[in-house]
Structures are given as structure tokens and as C-alpha cells.
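The values are calculated or read from the model by the stated rules, or taken from the named source; none is laboratory data. The structure presented is a predicted model; accordingly, all values stated were derived computationally and were not measured. Because the Cβ atoms are built from the backbone with ideal geometry, glycine has one as well, and the counts that use them run over all protein chains shown. Surface accessibility is based on the protein's heavy atoms, side chains included, excluding ligands, DNA and RNA. Shrake-Rupley method; radii C 1.70, N 1.55, O 1.52, S 1.80 Å.
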Amino acid sequence: PYTVEYPRWSRRRIEIITKSSANAYHGTLNAIFRDYRMNARDSLAATRPQEQRRILEGSLFGPVGRSKNTSFLLSGAREEEDLVAVVVARGPQGAVNENVPTPVVNTVGSLRVSRQFNDKQAMFWQVNFQDRWQNNLGAGGSTLAEAATQTRFREDEFIVNHRAVVSTSLISQFRVLVGRYWSPTRSNSNAPKVVVTDAFIGGGAQADRLATEFHASLTWLLTQTKGKHTFKYGLNIPDWSRRGLSDRTNQLGTVSYGSLEALAAGTPFATVIQRGDPRLIFIEKTVGVFFQDEWQLRPGLSLAGGLRYDWQNYFRDHNNFAPRLALAWAPGKKRKTVIRTGAGFFFDRSGPGPIWDIQRFDGRRLRRYVVPGGFSGNLDILPASVHRLDREIALPNTMPFSVGVERQLAAKTTLAVNYVGVRGVKQLRSRDGNAPLPPDFGARPDAAVNVLRVIEAAGRVSGNSLEVSLRGDFGKRVNGMVQYVFGKTKADT
């Protein structure tokens, strides 16, 4: 989990390198069906939601023609889910309790062609795509179906991977990915959004937008062995992308009322509305370099230590050095017990959200007005909201750490007990830097600006968990896993 090759921490990774040739065809086909007649009734639903899930997935692997060195892998899945959201709200005409269909259709596919040139070189080329559509997203709880949206996500990727045995002690792995995605969101109703506190959310969603991306990533990993040492070093570009956004949200506005009585009287307490150029394009760049030494001190004892450096544009901090260390020890001659421990620093990417915000909400390009009460006059005379990055902005930083014991109870049965903790600092959060001051909370300090949203690296996260798992053979013809996890995480972002 603490390898420096990857920018993000993960305990769910398996890496297997095999020859890519095949001499026979192999395939799988799975069908999954679930129907609401086997479900319990939702506690807030008047009737049992009529949900159904249908999944068909399969794969085919084998040689290309009669070739012994070229193979293919074709896989795909079609998921259709007739889900239902339960609306429990209070409207002007009384209580609203209904089931709203929220169907989801997801199609994924992948084709890989692998070529084993010789004992020292191999490549594969892979194409992936995903097309996901969902209706009535956001409905449920106090949100009516009329205030929901339709969303779609289409992504296409092309991957090239090259592996070469440079020498008996050096392996080179080079991987390039290029891709694009297209993700529109459309409101169900073309009407202003109406929010009534503790009652309902109706009208239109006012969430129309289109997000696009053309992206590339690159990883060059060198693995070198020397005596009892295994060195890993290289270059990692997790994301280098051109991101586009057409933000047409709140063109008709969101009007908020304090109660149903205020709605009947036509006296809102706030209105949010946007004007200006909704289109924005920017380039996001992230780069990382790393070095690691895995040292086999003696049989049954290994130590891995490394250092990674990460950089992202739009952030002024340049000291993102992330040391990581892990140890595994199997005491005794039989080595039926393994003790593992480790810790490390991980700098996460900000994602496009904060960058989109500071670029389009600069007070000129796309003007966002937060108006007390209702407003029907000339918006240009009002101050616009502005989003900014704090001067001390930094990449979010987390430090996971763990210690665990794994014991072999039988030939194919093991018991593992692990403690995992995480501490995070400089987590991204935002605050209003121009908020009205006490005691009366009246006018804003800077009358030329409305909401001054400052995105700062000031949040913290703290988590602890204990995991116990038993896996292996429970009988001559029975194998499986039993796991229990007890954890708690707190964050103030």
C-alpha cells in the first residue's frame, strides 16, 4: 500500500505479469437478475418501490488466428437498473409521498490485443468505453421529480503498454493513456428552482451544464535488482488534460423561502442567479517522480522505503515530498506468522472543481449574484460573488499508517488482524471571506463584492479502524472469507 509508484493510497491492488500468448479460447458469460418482489418495503415509502436490476456481462480470450504470440481479450457488460427514489415532502397542497423512477443504464466494453515479440519485449493495445445514462437524478427526500435532472457520461480511452527486459536485472514498463469524456446534465423542468425550508424543493433543477475533457496520462517505471535490493524509479503523469465546462446553472435562478407561509405570501429570503459567459476551458497538469528501495535484509524480513514528489499547476506550493516506509517480518523458521507495518505521506490532486470555480467566478466572466429576498431589477448594479484560492493554498496531504498480524492456521486458512489509521491535513474547504460581521450580521465588509468564497487548505481528517478477517478452506469442499471492520472517521471539511 505504501509504494511510491502511485500517487494515491490503496490497499486493493494486485499486479500480475504474464506472457500474453494463448493457444486456446476461453470465455465467461454471467447474467444477474434482481426483482423488487424479494425486497422489503422502504420505511418511508407508501408502497414497495418496484425496482429491478438486469446485468449481462461476458468476456472472450484467445489467440488471434493461429498466432502463438498474439492474443486478444474482449469484455463487456450491460447494466440496466430500474431504481426508485422515495419522496417525502410537504407541498402547498399537503403531504407528498411518492415513488419516483430513477432508471440507470450503463454499458461498458474493452478490447485488448497483446503481442509477445520475444522473451524480452511485449506490448498491448487496449480500447475502453463507457456510456452511462440516468434519469431523475437528485429526486428523493424533499426533492420532487420536477426538480431532478437527466445525466449522461460517455468516456473513450486508448492505452498503449510496453514492457521490455533491458537486462537480467532491469525491466522497463512504459504506459500511455489518452482519452476523452462528454458529460451533459439537463434539468427536467425549465423553470426557476424553488426551495422551501423543511418542506420541499420543486420547480426546475437549474442544473444545466456540459463538462468535457481530453486527457492523457503517462507512467514510465524502471525496476532494477541488485543483490538483496530491488529499486523502483521513474516518472508518473497522472493527468494532463484539457477540460471544458459550459455552466448554464441558475439562469432562471434559485428562490428560497423560509416556510410554506412565506411561499404563499411571495416573500423569499434569498435568490441566487447567474449571468455572463458560461463557457470555460483550462489545462490541468500533474506530474510526479519517485524512487524506492525494497531491501531483503534476511529471509523473512524485508524493508521498503521510498520518496515521491508531486506537482500540480494552479498551486503555489513546491515542497510536496512524500516519504513512505513499510516493513514485513515473518519470525521463526516455519514463518506461519507475518507482521506488517507501514506509513507514508500522500499528496492528492485537487480535481477540476476548485479550478473551474476560481476561473469562471472571477467577478467578470460568469457573475453569480446572491440577493437577499427577491430581485427583479437590473442585476448589473449589484456586486457579484467571487471565488479565489487562498494565498497559502497547498495540495491536500494525508498520512495513512497501519500495523497487522497474519497467522496461518492451516495449510490454506489464515487469520489476519489489522489496525489502519489516517491523518490528513491541508484538506480543501471554503468559507465566505466577506461574511457580514457580528453582532447584527448586516452589511458585508466589502460592499463591492457579494460572497467572497475563499478556497483554503485548512481542513483536517482523522480515522481509525480495526479489521479482522478469516479466509481459506472451512471444509473439504467449502472455502470463503469472513471479515469484520469497526472504524470511525471525522473530518471538518
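Per 0.36 nm of contour for each residue apart, how much would the distance between Thr197 and Trp125 grow if the chain were fully extended, relative to their Cα-Cα spacing?
Numbers: separation 72, 0.36 × 72 = 25.92 nm, distance 5.36 nm.
The span from Thr197 to Trp125 would gain 20.6 nm if fully extended.
Would you grab the residues whose amide H sits under 5 Å from the one on Val166? Only those 5+ places off in sequence or on another chain, please, with H modelled 1.01 Å from N.
The list, which skips near neighbours in sequence, is Ile171, Ser172.
Measure off 7 Å from each Cα along the Cα-to-Cβ vector at Val403 and Gln50, then give the distance between these two points in nanometres to one decimal.
It works out to 5.8 nm between the two label points.
Express in nm, to one decimal, how much length is gained between Trp311 and Leu437 on full extension, taking 0.36 nm for each residue of separation and deducting their alpha carbon distance.
Gain on stretching Trp311 to Leu437: 41.6 nm.
From the backbone phi of region 391-397, what are the Karplus-calculated ³J(HN,Hα) couplings (6.51 cos²θ - 1.76 cosθ + 1.60, θ = phi - 60°) in whole Hz, Gly and Pro given as x?
Each residue's phi maps through the Karplus curve to give 4, 9, 4, 8, 5, x, 10 Hz.
Tell me the relative contact order for region 129-215 as a rounded percent, counting alpha carbon contacts under 8 Å between residues six or more apart.
Values: 196 pairs, mean separation 26.1, N = 87.
Over region 129-215, the number comes to 30 percent.
Hey, which of these cross-link pairs are over 22 Å Cα-Cα: Lys426/Lys488; Lys232/Lys336; Lys120/Lys232; Lys336/Lys488?
Values: Lys426/Lys488 20 Å; Lys232/Lys336 29 Å; Lys120/Lys232 19 Å; Lys336/Lys488 31 Å.
Cα-Cα > 22 Å for Lys232/Lys336; Lys336/Lys488; rest within.
If you take all C-alpha pairs in region 397-482, what percent of them are over 22 Å apart?
Numbers: 2204 of 3655 pairs.
Everything past 22 Å amounts to 60 percent.
Percent antiparallel among DSSP beta bridges with both residues in the chain, to the nearest 5?
Among the beta bridges of the chain, antiparallel pairing accounts for roughly 95 percent.
Work from the charge dipole of the chain (Cβ charges, +1 for Lys and Arg, -1 for Asp and Glu, about the Cα centre) and give the residue of Ala24, Phe347, Gln427 farthest towards its positive end.
Farthest towards the positive pole: Ala24.
Taking θ as phi - 60°, what are the ³J(HN,Hα) couplings along region 230-240 by the Karplus curve (6.51, -1.76, 1.60), each to the nearest whole Hz, with x for Gly and Pro?
10, 9, 10, 8, x, 10, 9, 10, x, 7, 9
Carbon and sulfur together cover what percent of the accessible area of the chain at a 1.4 Å probe radius? Don't skip to the answer; put the middle values down first.
Numbers: 15610 of 27750 Å².
C and S fraction of accessible area: 56 percent.
Let me have the relative contact order for the chain, percent, based on Cα pairs under 8 Å that are six or more residues apart.
Details: 1348 pairs, mean separation 42.0, N = 493.
Computed value for the chain: 9 percent relative contact order.
Putting +1 on Lys and Arg Cβ atoms and -1 on Asp and Glu Cβ atoms, find which of Tyr181, Ile237, Leu144 reaches farthest to the positive end of the dipole of region 100-240.
The residue sitting most towards the positive pole is Ile237.
On average, how much accessible surface per residue is there in the chain, in Å², for a 1.4 Å probe, leaving out ligands, DNA and RNA?
Normalised by residue count, the accessible surface of the chain is 56 Å².
Keeping every protein chain in place, order Phe347, Phe61, Phe117 by accessible area at 1.4 Å, biggest value first, i.e. largest first.
Putting Phe347, Phe61, Phe117 in descending order of accessible area: Phe117, Phe61, Phe347.
For region 406-493, which chymotrypsin sites (Phe, Trp or Tyr not before Pro) are both in a DSSP coil and crowded by at most 16 other Cβ atoms within 10 Å?
Answer in residue order: Phe441, Phe474.
If we sort 236-244, 76-84, 119-127 on the protection proxy, mean other Cβ atoms within 10 Å, highest first, what's the order?
Highest-to-lowest ranking by the protection proxy: 236-244, 76-84, 119-127.
How large is ³J(HN,Hα), in whole Hz, for each residue of region 125-135 in order, when computed from phi with the Karplus curve 6.51 cos²θ - 1.76 cosθ + 1.60 and θ = phi - 60°, using x for Gly and Pro?
10, 9, 10, 10, 8, 9, 9, 10, 10, 9, 10
Considering only Thr47, Asn97, Ser71, whose Cα is most displaced toward the positive end of the charge dipole of region 32-116, charges sitting on Cβ of Lys, Arg (+1) and Asp, Glu (-1)?
Highest projection toward the positive end goes to Ser71.
I need to check one value: relative contact order of region 383-493, counting alpha carbon pairs closer than 8 Å and at least 6 residues apart, in percent.
Reported relative contact order: 30 percent.
So how strong a dipole does the chain carry about its Cα centre when Lys and Arg Cβ are +1 and Asp and Glu Cβ are -1, to the nearest 20 debye? Please report the intermediate quantities before stating the final value.
On the way: 67 positive and 43 negative charges, 472 e Å.
Using only the charged Cβ atoms, the result is roughly 2260 debye.
At 0.890 mPa s and 25 °C, plugging the Kirkwood radius over alpha-carbon pairs of region 213-323 into Stokes-Einstein gives what diffusion coefficient in µm²/s?
It comes out at roughly 128 µm²/s.
Of the listed values (1) 27.5, 83; (2) 26.8, 112; (3) 28.9, 101, grab the one calculated as Rg and Dmax of the Cα atoms in Å from the structure here.
(1)
Just add up the charged neighbours of Gln359: K/R +1, D/E -1, any other residue whose Cβ is under 12 Å from the Cβ of Gln359.
Details: positive: Arg243, Arg279, Arg360, Arg364, Arg365, Arg388; negative: Asp247, Asp277, Glu284, Asp357, Asp362.
Net charge in that neighbourhood comes out at +1.
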